[in-house]
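Asks: First, the structure itself, so that you have it in front of you.
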Amino acid sequence: MQEAKEEVREEVKEEVKDKVEEEKKEEVSVKAEADKESQEQKIDEELKYWKNMALRYAAEVENLKKSFKREKEEYYKFALESVFKELLPAIDNLERALEAFSQSQNIEALKQGVELTLKSIIQALEKFGLTQFEPAIGEPFHPNFHEALSTEEHPEVPSGAITKVYQKGYKLHERVIRPALVCVSSGKSQEKSETQQKSEN
């Protein structure tokens, strides 16, 4: 009888032990599930945060683009304002000179006034980097700075050098925006006849 009781006790102990272990396992799995859910929730919240940040930055970038575009348009619209302000007094002076032509007989004074006005225009443009250049007679022809309109034989200027300047050239900050228009020497007529004679012989 005592042995039977002992056996029952052992069985009950085993059952209780199994139940406790099962409950522990369930508890662990419930806890793991809860941890997993809270982790997923954290990840979702983080994703939402970064998505909002990305949208905000995209909107800011778009606003910056629009702002830069507006500023660029404004800049191009009024970029030459200071140039024009510098040129306005010269225009006024030329208008006065035209009026004076109909009233004054002093041509020399009028000529001087126009020369001074031209000088003031050139000085105003030089402030903004525009400079005139005029090649010298006898200077070698340079295609980056000169444009040949014609050629001619010249007794003193060597072949390939400039004999006449039709129009001055202009540079803007060292970049040629209009080459000087020139006439280029094709050599001396005597040299030509000598080279022809040599080729015939």
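The values are calculated or read from the model by the stated rules, or taken from the named source; none is laboratory data. Keep in mind that what you see is a predicted model, and the values were worked out from it rather than measured. Backbone-built Cβ (ideal geometry, glycine too); neighbour counts: all protein chains shown.
Asks: Given Gln123, Gln132, which one is touching a Lys or Arg at 6+ places or on another chain (Cβ under 8 Å), exposed (fewer than 15 other Cβ atoms within 10 Å of the Cβ) and at pLDDT 90 or above?
Replies: Matching residue, one of Gln123, Gln132: Gln132.
Asks: With the requirement that a residue be of a type in the set (Lys, Arg) and within 20 Å of Phe84 (Cβ to Cβ), what does region 98-133 give you?
Replies: Lys119, Lys127
Asks: Can you say whether Tyr76 is hydroxyl-bearing (Ser, Thr, Tyr) and loosely packed, with under 10 Cβ neighbours inside 10 Å, as far as the supplied structure shows?
Replies: Against the criterion (hydroxyl-bearing (Ser, Thr, Tyr) and loosely packed, with under 10 Cβ neighbours inside 10 Å), Tyr76 qualifies.
Asks: While we're here: Out of Glu134, Glu156, Glu81, Glu152, report the one residue that is more than 27 Å from Val184 (Cα to Cα) and not aliphatic (A, V, I, L, M).
Replies: Glu81
Asks: Restricting the first residue to region 133-152 and requiring it to be β-branched (Val, Ile, Thr), which pairs with a second residue that is assigned to a loop (DSSP other than H, G, I, E, B) meet a Cβ separation below 7 Å and a spacing of at least six or different chains?
Replies: The qualifying pairs are Ile137/Val157.
Asks: Evaluate region 91-99: report whether one residue or more is modelled with pLDDT of 90 or more, within 20 Å of Ile177 (Cα to Cα) and surrounded by 10 or more Cβ atoms within 10 Å (Cβ to Cβ).
Replies: Within region 91-99 (the criterion being modelled with pLDDT of 90 or more, within 20 Å of Ile177 (Cα to Cα) and surrounded by 10 or more Cβ atoms within 10 Å (Cβ to Cβ)), the answer is no, since none of the residues qualifies.
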